[in-house]
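The values are calculated or read from the model by the stated rules, or taken from the named source; none is laboratory data. Predicted model only: the values in this text are computed from it and were never measured. Here the Cβ positions follow ideal geometry from the backbone for every residue, glycine too, while neighbour counts run over all protein chains shown.
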Amino acid sequence: MASSTGSANDESGTPSARRPRVVLPAWLDHFNRTDLKVLFRCWTAAWVATLLIFITPVLHRIGIATFFGALVLYIVPPAGILFVYLLASLSLLAGMCLGWAWGLLTMKAALAARPASQTQARLLALVHQAAAQAQQSGRSVATVAQELVHDGFMLDARVTVVFYVMICVFVYAMARLRVANNKFILAQIFSTIIADLFLLFGPTLPSFTASLAEVLVEPGAIGVGLGAACCLLFFPQSTSYAVLTKMEQLLRLGRAPLECTVSRLDGDALSLSHLIETKAKIIGTLKAIDPLLAFLPLDFSRGRWNADDVRSLQQPVRKALLATLSLLEYHLARIHSDQNAERLEATDASPPNSSAPEKRDRAVGHHQLQASAEMMHAFRSPEEEAIRERTRQALRHSTIPLLQASSGALDVVAESVRVVNSRRWIGAASQAEIDQQAARAEHTLDALRTTRASSLAATTEALIESHSEMFDAEGWFVNTGLGGAHALRGIVIGMVIEERILAVAQATEGLLDQIQWLLRNRTKTRLWIPSHLQYALSWLSSGSVATPMAESAGTTAVDPEELEQQQQQQTAEAERLLRISRGYGTPQRSRLTRGIIAGFHWLFNPAGMYALRLVVVTIATAIPSALPHTAGFYYREKGIWGVITAQTTLVVYMADFTFSLGSRAAGTVIGGVLGMVAWYIGSGLGPGNAYGLGAITAAMTAVLMWWRIFLPPAFTPSTIMSGVTFVLVVGFSYDDGHTQQYGLPGRGYTAFYKRLVTVLLGFLAAFVVQLFPRPPSATRHICHTLSGTVRTLSDHYALVLSHWARADPSHPLATVADRITLELAETLLSLTGPIALLRLEMSIGPFHRRTLQQTQSLCGNMNQALGRLLLLSTTLPLDLQSRFQHTVGLNDDFIVGEIMAVLGVIEQALKAGVALPERLPTPLVKRCVEAWQREHRVAELSKDLVRDENYRRYCVALSSYLKFLAAVDELVLVLKGGLGEAHVVDRGEDYDMV
């Protein structure tokens, strides 16, 4: 976080030399004002809700489930902005009320299934039985009658069947709703919990009881009210405040790629792990803003900037960060390229001939690696390092000032956001401070423009001067042949780096200009009210828009099938607009056949299987409550918690389930131990001391809430289970000594181990149902999503071929190209979480997590390269587009056919998991070079072209096209390494002939 690093770094971003900063783990590094405010707010709400358990009048008024209010606050803590919390809480309450309403309908229908005469006869028998037992035991008739009811005295098969049928229909419908739209996750969870009350206790009740769900709904509503009050009273946050805070963090992170570039130009080696970590932080923060932006039209805040002003910064900030990420991607690509070169050198160094047994044991992809090694050997020259060093020196003096100016500009923007965003109510920034910041932004903008102009001329001349021996007196390139073309590598790479640095500066200028306009024109602090209330309905009905509520519910992975559907929906408009053709499909089946197939798919797709599994596990864990011999035991041992545990542990995919099961078990044990410790410290061996328990739970709540808020989202189920078990142990233990209730689980250790046993039984039931008849594999659906991504990339490649070197100013490609590239990039980025969880999935498929990670990364490289080519097809002059087309053979039917064939083989391999053929038209980079050799063999370049801005973008096109081909080549090797090779062609050239 920005606040945690500001004290340890000086203005230049270098660590302070006075005292090294102690680096804490990420989940502990939250000792700053902002995070402590959030912790105080959540701790206050949860602790006050826990205190209600120890206030005797409140406990008697609400009931033994008074602890449910604190339990709700551990599931949905008031850690974010008020509106998001209210939305999540209202979703929770709506789900509870919906479950209550359906339960009442179910109870009416179920009790009507038994004739009234039989009901009266059974009630009369209950009175006689209770009176007889009360006379023998000396207890009251009402108490004995209540025990008989809970022991199943009133059970009837007809009533039970109606209860089970209607409640299971409701559970199934809510499960399907949850998977279809993730905004209803909390509604589904709590509506199912309320429905469980009617399922487990409804069949045993002698008459219609409308207040059955009140035991949980009332404390739940109290918990929501406490959370809302704390969210409003203690350090409230508006949506615009949260978005601007994230933007400030993002802008400060955006300086890291620029500083890495400066270090690289200075000759320092870059750390691959640091680059990857920086990229992950930038992308993670960029993605974290998206759910908050969805709430900006509904924002209620006080400040200088309204929701539209904040949203106007979204695109400039995004462009600036994507430009810096492009620089970061270049460094990653260079490191990756060097590693591949070392691998190819090792391949080239192997003996040319080998014995027959060795040939059979050779590495997968040997044929392609050998061809790539031969090409690299042809390019290799003794001046390799000298060329790279000259290019670095040429760029060093001319681009470092521009990089430093861009980094300073980002810092000015971040500081401007901080000044406007902080102290909105008390001690707000004065107009003089705002004017001073606006003047600073204007001065920085002018300096950046001047530096960019001077750097542009200086860099170009430095590149020409450092490669002056390659040009004759008239400024034309003098070397010919393949070696001569390779000599241009340094100057071409220099122009590519220069273009990326200039793109960063240009995007930063646009961002500074927008900030300066806002600082100059928004001079008053005022109260801003929502301006687009109708937006709430469209946001609620859309299942594809991001939402912060999924994290509150403990969801840790994204549905890969949903990602594939989103990808298809996102590209549909672009495809229609650009007239992209996917070809001609097979003849349509009859309407009846299509309906049957669609119905089967709807029932048994991952969402349908999840809903069916939820129904099965509900019946399996609830059935003992409907049997006369086990109903009493089930009620006394609180079997409802086993049902709830089994239901909430089930998820759509096996990888998420495995992690969820382990983390929930650990959370249960930790929370139970803390609950026992708190009970015995606060009460000793007594019935429970309200003051002692109030004090110790204050400390324990702070620890548990810290974990709940600051641990990574993947551990959300574990932290929720810790808080829930802690509250249950303390609450039931106190209830045991202060209320008269049949079936309380005991105190301290007894309450804990009974809770642990029910949870473990719920885990066991969920495990069996999740595993059989077939585990829902996330690997399979991720592979299908990646296969669809490759198919989309093939369409984008065809789009490049269709529109390259064609003058059509009215064509919408210029406005759509960037969008379709970003949408596909977001789809690939969304797979990061599900792929990371595959290490926990028990899968018998051929794909390994590392293979899918590499495939995801290479698809991202292909998408980035094709996206840049799509943009250049609309901006690069036609003469240079034609030159590029002839140079690389872009429209050569043989080359296009080979690339399409390889992409098709990759798509099918990802979908079916089959080995790739040994002999493919790869490496495609070598094919491209061979095509150039056939057509040209002469590199055409002059000093005037180097000075031409458009030629620099022509070099970017060359670099992007070669990057695309290299990514396809590497993806073939990755898939061969994971799936193997088939159809091996053995020509005997590697054998020693006897």
Go through the range 132-187 residue by residue and tally those that are out of contact with any helix residue (DSSP H, G or I) (no Cβ under 9 Å at 6 or more places or on another chain) and assigned to a loop (DSSP other than H, G, I, E, B). 1
Test set (1) in contact with a Phe, Trp or Tyr (Cβ under 7 Å, 6 or more places away or on another chain); (2) crowded, with 24+ Cβ neighbours inside 10 Å - Ser191 fails condition number: (1)
Here is a list of conditions, (1) buried (at least 16 other Cβ atoms within 10 Å of the Cβ); (2) assigned to a helix (DSSP H, G or I); (3) modelled with pLDDT of 80 or more, and Ile597 meets all of them except one; can you say which number that is? (1)
Mind checking which residues of the range 640-657 are within 14 Å of Ser718 (Cβ to Cβ), out of contact with any Phe, Trp or Tyr (no Cβ under 9 Å at 6 or more places or on another chain) and at pLDDT 75 or above? Thr648
Among the numbered criteria (1) more than 23 Å from the chain's Cα centre (by Cα); (2) more than 30 Å from Leu321 (Cα to Cα); (3) of a type in the set (Val, Ile, Thr), which single criterion is violated by Thr261? (2)
How many of the residues in the range 77-123 are more than 29 Å from Arg708 (Cα to Cα) and of a type in the set (Phe, Trp, Tyr)? 1
Going residue by residue through the range 944-953, is there one that turns out to be among the β-branched types (Val, Ile, Thr), more than 31 Å from the chain's Cα centre (by Cα) and surrounded by fewer than 18 Cβ atoms within 10 Å (Cβ to Cβ)? no
Test: Leu216 is in contact with a Phe, Trp or Tyr (Cβ under 8 Å, 6 or more places away or on another chain), surrounded by fewer than 19 Cβ atoms within 10 Å (Cβ to Cβ), among the hydrophobic types (A, V, I, L, M, F, W, C) and touching a residue at least 24 places away in the same chain (Cβ under 8 Å): no
Check whether at least one residue in the range 724-736 is in contact (Cβ under 8 Å) with a residue 24 or more places away in the chain, closer than 30 Å to Ala607 by Cα, assigned by TED's automatic domain parsing to the domain that holds Val617 and out of contact with any Gly (no Cβ under 6 Å at 6 or more places or on another chain), and report yes or no. yes
Number of the condition not met by Lys108 [criteria: (1) touching a residue at least 24 places away in the same chain (Cβ under 8 Å); (2) on the phi > 0 side of the Ramachandran plot]: (2)
Exclusive hit being touching a Pro at 6+ places or on another chain (Cβ under 6 Å) and over 27 Å from Pro624 (Cβ atoms), set Gly688, Gly682, Gly694, Gly737: Gly737
So if I check each of Gly743, Gly731, Gly748, Gly762, which one is within 20 Å of Pro624 (Cβ to Cβ), over 25 Å from the mean Cα position of the chain (by Cα), of a type in the set (Gly, Ala, Ser) and buried (at least 17 other Cβ atoms within 10 Å of the Cβ)? Gly762
Selection from the range 674-691 of residues that are farther than 18 Å from Trp43 by Cα, assigned to a helix (DSSP H, G or I) and among the small types (Gly, Ala, Ser): Gly682, Ser683, Ala690
Complete set of residues in the range 588-641 that are within 22 Å of Phe163 (Cα to Cα) and among the hydroxyl-bearing types (Ser, Thr, Tyr): Tyr610, Thr618, Thr621, Ser625, Thr630, Tyr634, Tyr635
